Amino acid sequence: MSSVRLEAVKPVGATAEAEIPMQPASVDIWDKKYRLKTKQGEALDADIDGTYQRVARALADAEPDADKRAYWYERFVWALRRGAIPAGRITSNAGALEHKPATSTINCTVSGTITDSMDGILDKVHEAGLTLKAGCGIGYEFSTLRPRGAFVAGAGAYTSGPMSFMDIYDKMCFTVSSAGGRRGAQMGTFDVSHPDVKDFIRAKREDGRLRQFNLSLLITDGFMDAVNRDKDWPLVFPLAEKEVGDLDLSNAEQVVWREWPTSRGYVTRDDGLVACKVYGHIRARHLWDMIMVSTYDYAEPGFILIDRVNEMNNNWWCENIRATNPCGEQPLPPYGACLLGSVNLTKFVRKPFTDEAAFDWEEYKEVVRVFTRMLDNVVEVNGLPLQQQRDEILRKRRHGMGFLGLGSTMTMLRMKYGSKESCEFTERIARDMAVAGWEVALALAEEKGPAPIMEERFEVTAGMLRKRPEMAKDGWKVGQEIPGKVLHARYSRYMQRVAEAAPDLVEQLAETGARFTHHSSIAPTGTISLSLANNASNGIEPSFAHHYSRNVIREGKKTKEKVDVYSFELLAYRELVNPAAMPYAEDAGARLPEYFIAADDITPKEHVDVQAAAQKWVDSSISKTANVPTDYPYEDFKDIYRYAHQQG
């Protein structure tokens, strides 16, 4: 990266508005969650800037020589002060090895594939325990386990099914998090075609069950097509090789052929598809209604469009993604790991709440560039507990940069969240982040080398040509070898979209290779928004409310104390415009402008429109909440999900 460009950035005081003082609730959460302390409780970070300096030092130390370490330390501190916020595991654990030697800087992991055997199930419980102990969240797919009532030949008995084994993981997570003090986070995913799908949909209705899990269904394009056409939907599970004589493989009423996470021990065709026994059928719309009713009443299970995930995956040729991290913004392959960070958009608003309010695009892009290098350096200090996880992150070097404070920023710019103007603004935010990030991916590859997978050579298969017909048009044939960097830059659907904005850049990435395979992801950012961002709105969301109170327990006291919490935009408005302003004020002199809206003022469709605007330029996923009033009609609620599917 050019140091000239960095030197050209004006000092903070030359461009930025006056800093809004941190509110007590935000300082309190920083102190409890992210401030480094000795085991005796003595603070080692003097203040929030001390936390920034610790993190910057730890990540700059990953540079190869003393001059670069000194140079990038200064640049990293600058970026942290100007809105770059590494995710909680980085902020808490980077530079803390002496005090927390067994912790990781990685937020997101996915388990290795859970194979359908007692050894496979319990082996992954053990690995998950080590992962949670290190402070990482973890996701698993459980539809690889045979359905309830299926015969287990080795035991001479019938299995209790995936749900009962999920209970083991749930109790393990509760035990590990109780011992470590930090609540463990897990995601359980499940294929919509599994015979036990109805049990999965209803699982959390039982009191106290699976409370350490978020749950999401893997929704396929085939299922959505069956819903749209009101067709029957087959419920299936792979056919073991020892069961092959029981069924007629050519009879579509008995067997369907599907892609499956593992083919070991199952009847498999030459093209890699696995024979799946049809256990029964259900009307697709009936199953869809079950999912929608559960989501409407209980807000679970979630909804992952898994075929779209794999179609748009930058590593489309070598990964079959079946699970995500606990909040869903990082779809990952087996043993996949990803680190996170967010840019606080409120830092770039100039002259807020005025007719001249504007967004500083140049400084924003420069923070993204510096932050990209910073996050890439986190890979070197990942602290992951399993060798398979370390191998995976070093081979692909994926990270997920996103943003927070979008809703707060729109309010400061006097924009209404969900409007056409706000969607155009959101798309530009995401597009500029993407292009700036991939510019750095090229510069870092030239300086330090591309991710190892870029230099690997892969055999062209019939499956590749089926998924990417343009490869055949370009002359590629089955059996030839092709570099990973070409498969990544030229044939990933996402990079093809980036090429529309920056064609020369993507062509250079195909020649050189990128430093990392993935760059962007938008996380919920709840705690870092509330603390380090002074309660700017979470991730891609609007502010939930502009004023509320929290009960906190002060150190050395047993009773709770009620503390006022203000949204960042209200805090800024009170500081810069009207100190008396409050939501719902009866006094005309204290009322807020109409553009001060919160989550409940926004329609579900507007929530989806904002997400769709960003998703075009995000190469992983987005964690999004659409607030639905309690009296919202069920039929309209169902349409939100159809609408989201249509928006991609």
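The values are calculated or read from the model by the stated rules, or taken from the named source; none is laboratory data. Treat the numbers as computed from the prediction; the structure is a model and nothing was measured. When we count neighbours, we look across all protein chains shown, and the Cβ atoms used for this are built from the backbone with ideal geometry, even at glycine. Only protein heavy atoms, including side chains, enter the accessible area calculation; ligands, DNA and RNA are left aside. Shrake-Rupley method; radii C 1.70, N 1.55, O 1.52, S 1.80 Å.
Side notes on the structure shown:
- Backbone phi angles across segment 413-420, fed through the Karplus curve with coefficients 6.51, -1.76 and 1.60 (θ = phi - 60°), yield HN-Hα couplings of 8, 6, 10, 9, 4, x, 6, 4 Hz in residue order; Gly and Pro are listed as x.
- Across segment 371-450, the relative contact order, built from alpha-carbon pairs under 8 Å that are at least six residues apart, equals 27 percent.
- Amide hydrogen proximity for residue 214: with H placed 1.01 Å from N in the peptide plane, the residues at 5 or more positions away or on another chain lying under 5 Å are 186, 187, 188.
- Taking amide H atoms as placed 1.01 Å from N in the peptide plane, the amide H of residue 344 lies under 5 Å from those of 84, 85, 404, each 5 or more residues away in sequence or on another chain.
- Residue 632 sits with roughly 50 Å² accessible to a 1.4 Å probe, with DNA, RNA and ligands left out of the calculation.
- For segment 502-604, the Cβ-based charge dipole about the Cα centre amounts to some 780 debye (Lys, Arg positive; Asp, Glu negative; other atoms uncharged).
- Lysines with Cα under 20 Å of residue 396, excluding same-chain neighbours fewer than 8 positions away: 448, 485
- Dividing the mean sequence gap of close Cα pairs (under 8 Å, 6+ apart) by how many residues segment 159-240 holds gives a relative contact order of 33 percent.
- Relative to the longest principal axis of the Cα atoms of the chain, the long axis of helix 48-60 makes an angle of roughly 50 degrees.
- Taken about its Cα centre, the chain carries a charge dipole of roughly 1120 debye when the Cβ of each Lys and Arg holds +1 and the Cβ of each Asp and Glu holds -1.
- Calculated diffusion of the chain, Stokes-Einstein form, Kirkwood radius summed over Cα pairs, 25 °C and 0.890 mPa s, µm²/s: 94 µm²/s
- Per-residue ellipticity at 222 nm, computed for the chain from helices alone with -39500 (n - 2.57) per DSSP H run of at least four residues, works out to -12500 deg cm²/dmol.
- Cysteine residues of the chain whose Cβ has no partner cysteine Cβ closer than 4.7 Å: 136, 173, 276, 318, 327, 423.
- As computed over segment 259-349, the Cα convex hull volume per residue (Å³): 189 Å³
- Amide H contacts of residue 400 (H built 1.01 Å from N, in plane; Pro and chain starts excluded): 339, 340, 341 sit under 5 Å, all sequence-distant by 5 or more or on other chains.
- 12 Å Cα-Cα reach of residue 39 towards aspartates and glutamates, excluding residues that sit fewer than 8 places from it in its own chain: 98
- With 27 Å as the limit on Cα-Cα distance, the pairs of 198/277; 351/420; 171/242; 198/231; 33/171 that go past it are 171/242.
- Whichever aspartates and glutamates have a C-alpha closer than 19 Å to that of residue 562, once near sequence neighbours (fewer than 8 apart) are set aside: 28, 31
- Between 121, 149, 44, the Cα set farthest toward the positive side of the dipole of the chain (charges on each charged residue's Cβ, about the Cα centre) is that of 44.
- Value of relative contact order over the chain, rounded to a whole percent, pairs C-alpha under 8 Å and six or more apart: 15 percent
- Largest accessible area first, the residues 390, 414 order themselves as 414, 390 under a 1.4 Å probe with ligands, DNA and RNA left out.
- Rounded, prolate or oblate (a/c below 1.5 giving rounded, otherwise prolate when a/b exceeds b/c) for segment 479-573 by Cα gyration tensor: prolate
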